[in-house]
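Take a look at the structure set out below.
FYI, it's all coordinate maths here, none of it is from the lab. Quick caveat: nothing in here was measured; it's all calculated off a predicted structure.
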Amino acid sequence: MIEFFNTYKFLIVPAVLWFGIQMFKVLYEYFKEGKWDFKRFMGAGGMPSSHSAVVVSLATLIGKYVGLESPIFALSALFAFITMYDAAGVRRAVGKQAHILNEVVKEYKKMTPAEFLQEKTGHTPVQVAAGALIGLIAGLIF
């Protein structure tokens, strides 16, 4: 079993991290709102950023086991920065625009709530930083 983990740690650690963070979001929503919302499991946005945690854990693992001077580490680090920038920048702006459009649509009452645009698509910088810190710690531990 340890050999299997060592062979596939670059897949297992980020995948387990993503699963754990998404389950945390479902549980948090339950305790906050008093209802189960399993859409949060596959949904984007929220605290912490699972996207950031996954890409930073992968980059950390690569840096730790392959080397900080390796081209694959450079690629993974750049991929992590682009992903985090996108989560806090572009996708957050999309979420804000979705909120405004949903408000306009509510005024005209031409759509049902199921047809509204998804508003939780991006992250705040704090959510991205928290995800990155979790990813860094997970990558260093394993």
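Here are a few things to note about the model shown:
- The range 2-141: relative contact order in percent, alpha carbon pairs under 8 Å with at least 6 residues between: 33 percent
- What the phi angles of the range 16-21 give under the Karplus curve with 6.51, -1.76 and 1.60, with θ = phi - 60°, is a coupling list of 5, 4, 4, 4, x, 5 Hz, glycine and proline written as x.
- The slack in the chain from residue 33 to residue 126, taken as 0.36 nm per residue of separation less the alpha-carbon distance, amounts to 31.3 nm.
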